[in-house]
């Protein structure tokens, strides 16, 4: 992942795309920080961890975007939109609600979940199988609805 981002950053620098270069630098720094943190804990950074980190970066920027739009700061909102677009280039396509329901139903059947006490197992299975492909806040609401009937 880092090699792909580094190559994209080099291309963006050559093209003079300052906003894109800034977003790519933020991504590289976040990945490097997470890698150092993982190494300190005696683990390695998996592709699923990288996807989760990038998804978290998008979510943070979406929250900031909403705040900036509410405050009427279009300049800052445009910056957030640009960063979200760059980060999304490196994430897998997000699943729509229908696909999340199908995946959640499959995970419930796979884990043998019978009620709300098994919700953690179902969400863990979804996170392992679909890293970065769904909003897990929305997915947990769907799982909760499926488990409560």
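Structure above, values below:
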| item | result |
| --- | --- |
| Test: residue in segment 70-83 that is at positive phi, surrounded by fewer than 14 Cβ atoms within 10 Å (Cβ to Cβ) and outside any helix (DSSP H, G or I) | yes |
| Single residue of segment 7-24 satisfying the filter (touching a helix residue (DSSP H, G or I) at 6+ places or on another chain (Cβ under 7 Å) and surrounded by fewer than 16 Cβ atoms within 10 Å (Cβ to Cβ)) that is nearest to residue 85 (Cα to Cα) | 19 |
| Failed criterion for residue 127 (all others in (1) in contact with a helix residue (DSSP H, G or I) (Cβ under 7 Å, 6 or more places away or on another chain); (2) under 26 Å from residue 10 (Cα atoms); (3) in a helix (DSSP H, G or I); (4) at pLDDT below 90 hold) | (2) |
| Odd one out for residue 120 among (1) surrounded by fewer than 14 Cβ atoms within 10 Å (Cβ to Cβ); (2) over 20 Å from residue 57 (Cα atoms); (3) touching a helix residue (DSSP H, G or I) at 6+ places or on another chain (Cβ under 9 Å) | (3) |
| Some residue of segment 87-94 being in a helix (DSSP H, G or I), modelled with pLDDT of 90 or more and under 30 Å from residue 7 (Cβ atoms) | yes |
| Sole exception among (1) surrounded by 16 or more Cβ atoms within 10 Å (Cβ to Cβ); (2) under 15 Å from the mean Cα position of the chain (by Cα); (3) under 24 Å from residue 123 (Cα atoms) for residue 86, by number | (3) |
| Condition met for residue 53 (outside any helix (DSSP H, G or I) and surrounded by 16 or more Cβ atoms within 10 Å (Cβ to Cβ)) | no |
| Subset of segment 3-18 [farther than 16 Å from residue 90 by Cα and part of a helix (DSSP H, G or I)] | 13, 14, 15, 18 |
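The values are calculated or read from the model by the stated rules, or taken from the named source; none is laboratory data. Model, not experiment: these values are computed from the prediction. All Cβ positions, glycine included, derive from the backbone under ideal geometry; neighbour counts span all protein chains shown.
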